[in-house]
Amino acid sequence: MKLRKILTVAVVTGLALVTGGWLLQREAAPAGSVYQQARLFEDVLAHVADYYVDSLDERQLYQMAIDGMLDQLHDPYSVFLKRDDFRALSEATTGNYGGLGIQIDVRDGWITVVAPLPDTPAERAGIQSGDRIVVLDGRSTEGWKNDQAVKELRGQPGTPVELRVRRVGVEQPLTFKMTRATIHIRSVPVAMMLDDRVGYVQLNPVSETSTQDLSDAIAGLLKKGMKSLLLDLRGNPGGLLDQGVAVSELFLDPGEDVVATRGRAPNTTRTFKDAKPQLWPNLPVVVLVNGGTASAAEIITGALQDHDRALVVGTPTFGKGLVQSLWQLTPEAALKLTTARWYTPSGRTIQRKSKSEADQEAQVVAAEEGRDTTQPDSTLIFHTDHGRVVVGGGGIRPDLFISPDTFTTAERNFMKSLGSNIPTYWDVRSTYALEAKALGRMTDPNFSVTQEMVDDVLRRLRARKVTIPDSLVAGARPLIAQELGYEIARYVFGRPVEVRRRMTMDRQVQTAVALAHRARSPEDLLALAAAQASASPRN
């Protein structure tokens, strides 16, 4: 309960008349100096601590007061970070944590290894995709949720851990003794060639090593013959401002503005300019964005769009044009406070105007579906370097709007009919994939999912008491085949093969590939997109 709520209850109680009751004697209104207000606060806190009907620790009251004060700013990004939240933020921005290096998911009630990360204790010990961790340090993991599993697997580097693992095709459980280490999560999880000309790099999030990770990934793809780049920022929640600037510098010329920040406190109003020559001036770049692209990822997108350095494809971004500063106040707690607004090189702000977090999320969903009703922030017209019109106030609008893939009516009806049995559907798919791996059924990464395989999945669902009307099955077969293909690709051939398979069914990626494949220069790419946009009813 917030402190202000406690105080409201106390006032109402003070005015109530009961047998032997009393009335609070009013004194003169306190003067408005900061000192007097601070004394008033201390007096209120002392009375609550001493006389409130329920016992409350004074440390808890101070924490409630802090939360209540920040809540009254009506800014969801200004928060007091306690131990777990501060640790999570540190891991996201540094990319480092103490653990074993295992990507996990919960399947059929057990922790299932999606993949061991390269060069980690898990990989060196021999942990494999599909392994089920059934015992951790002598404790059964049955029924654990993802959050609990992650918390238990992580820990201080140098601490020992023992896992007992069940592997499909191996009769007896396997025991692995490992020592936790510092695990670095690369901010480039995927980098691959999509064909003989177009390279694909996924950047997520924007962390301390993003610039180096991205530079290394692009250099590697250029050696493989890349002529055009797809930079995927979809779902990237952002991160560090300085890394957003540094990533932008990879593609911009010296002296060009990257982003400007404007705040009230000293040193919060400044313009960040490119200080280094770009490394690949003739490389056509397509930036993929969606409603999950936010903050520092939007800084990158806005800078490249305003300078006509990249073509932006997808749906409008989240619209977080605010800068947060972080103060570590204790070894395990910190204050994250909004201290400035940022503006793209053309001068536009992309901050969405909303009444609440829920309102902003609703706007983002509407924009994803092509129902963007957000009004630009002003009547001013903003222009890119080459004179193209851009607007602000509702995220970064893509140069080419391509809606994401959505379920058909039949597929939506199928998922609706599953209802609470959706986790069982996932479990059946993953079990099928693990069996396929153990039995060596799949040898070609370009395998096809047959109707017999779909029939087998449906039989297994029914065997687990999941009833699906026959009228819904026919329309759902393509969806089941597609998702079963992803699951088999992940567990049998690895995450890169799964990603590549998903790319073939991704409308936004395929649109970008078609343009990038034809482009011979950044200018050529923009011209091709402009021609396509003018021919599109949506644009």
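At a 10 Å Cβ-Cβ cut-off, how would you order I111, I300, fewest neighbours first? Mind showing how you got there, number by number?
Values: I111 26, I300 33.
Starting with the residue having the fewest Cβ neighbours, the order is I111, I300.
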Taking Rh as the Kirkwood radius computed over alpha-carbon pairs of segment 409-503 and applying Stokes-Einstein at 37 °C with viscosity 0.692 mPa s, one gets a diffusion coefficient in µm² s⁻¹ of 241
May I ask what percent, to the nearest 5, of DSSP beta bridges between residues of the chain are antiparallel? 75
Total charge dipole magnitude, segment 69-164, about the Cα centre, Cβ charges on Lys, Arg, Asp, Glu only, Debye to nearest 20: 200
Relative to the present Cα-Cα distance, how much length would full extension add between T443 and Q36 at 0.36 nm per residue of separation? 138.9 nm
Provide the gained length on full extension for the span M193 to L56, in nm with one decimal, where the gain is 0.36 nm per separating residue minus the Cα-Cα distance. 43.4 nm
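Please order E171, E58 by the number of other Cβ within 10 Å, starting at the fewest.
Numbers: E171 6, E58 12.
With the sparsest Cβ surroundings first, the list reads E171, E58.
Can you compute the helix-only [θ] at 222 nm over the chain? Use -39500 (n - 2.57) per DSSP H run of at least 4 residues, normalise by all residues, nearest 500 deg cm²/dmol. Don't jump to the answer; show the numbers that get you there.
On the way: 17 runs with 211 residues, N = 539.
Calculated from helices alone, the mean residue ellipticity at 222 nm is -12500 deg cm²/dmol.
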In the chain, with Lys and Arg counted as +1 and Asp and Glu as -1 at Cβ, which of these residues, I299, T330, Y432, has the Cα nearest the positive end of the dipole, that is, farthest along it? Y432
In whole Å, largest first, the alpha carbons of segment 96-184 cover along the principal axes 32, 24, 22
Rg(Cα) of segment 301-367 divided by 2.2 N^0.38 Å? 1.41
Please state the charge dipole magnitude for the chain, taken about the Cα centre, from unit charges on C-beta atoms (+1 on K and R, -1 on D and E), reported in debye and rounded to the nearest 20. 640
For D257, D232, which order do you get if you count the other beta carbons within 10 Å of each Cβ and list the fewest first? D257, D232
Give the calculated FRET efficiency between E162 and I381 to the nearest 0.05, with a Förster radius of 60 Å applied to their Cβ-Cβ distance. 0.40
Just grab the label-to-label distance for Q212 and M505, each label 7 Å out from Cα along the Cβ direction, in nm (one decimal). 3.7
In order over segment 276-284: 3J(HN,Hα) from phi, Karplus 6.51/-1.76/1.60, θ = phi - 60°, whole Hz, x for each Gly or Pro, gives 10, x, 6, 8, 9, x, 9, 7, x
Label point distance in nm, R264-V135, each placed 7 Å from Cα along Cα→Cβ: 6.0
Charges on Cβ only, +1 for Lys and Arg, -1 for Asp and Glu, centred on the Cα centroid of segment 96-184; of Q156, G126, T175, which one is farthest towards the dipole's positive end? Q156
Using θ = phi - 60° and Karplus 6.51 cos²θ - 1.76 cosθ + 1.60, couplings along segment 198-209 (whole Hz; Gly, Pro as x): 9, x, 10, 10, 9, 10, 5, x, 9, 10, 4, 10
Report the number of Lys pairs in segment 242-356 whose alpha-carbons are under 25 Å apart, with separation of 8 or more residues or on distinct chains. 6
Cα pair count fraction exceeding 47 Å, expressed as % - the chain: 23
Between Q172 and T338, what FRET efficiency follows from the Cβ-Cβ distance if R0 is 60 Å, with the result rounded to 0.05? 0.60
Alpha carbon centroid spacing (whole Å) that separates segment 127-149 from segment 175-201: 22
Sequence neighbours fewer than 8 away in the same chain don't count; with that in mind, list the lysines whose C-alpha is under 21 Å from K177. K151
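Every number in this text was worked out from the coordinates using simple rules, so none of it is lab data. Everything quoted here is computed from the prediction, not taken from an experiment. Backbone-built Cβ (ideal geometry, glycine too); neighbour counts: all protein chains shown.
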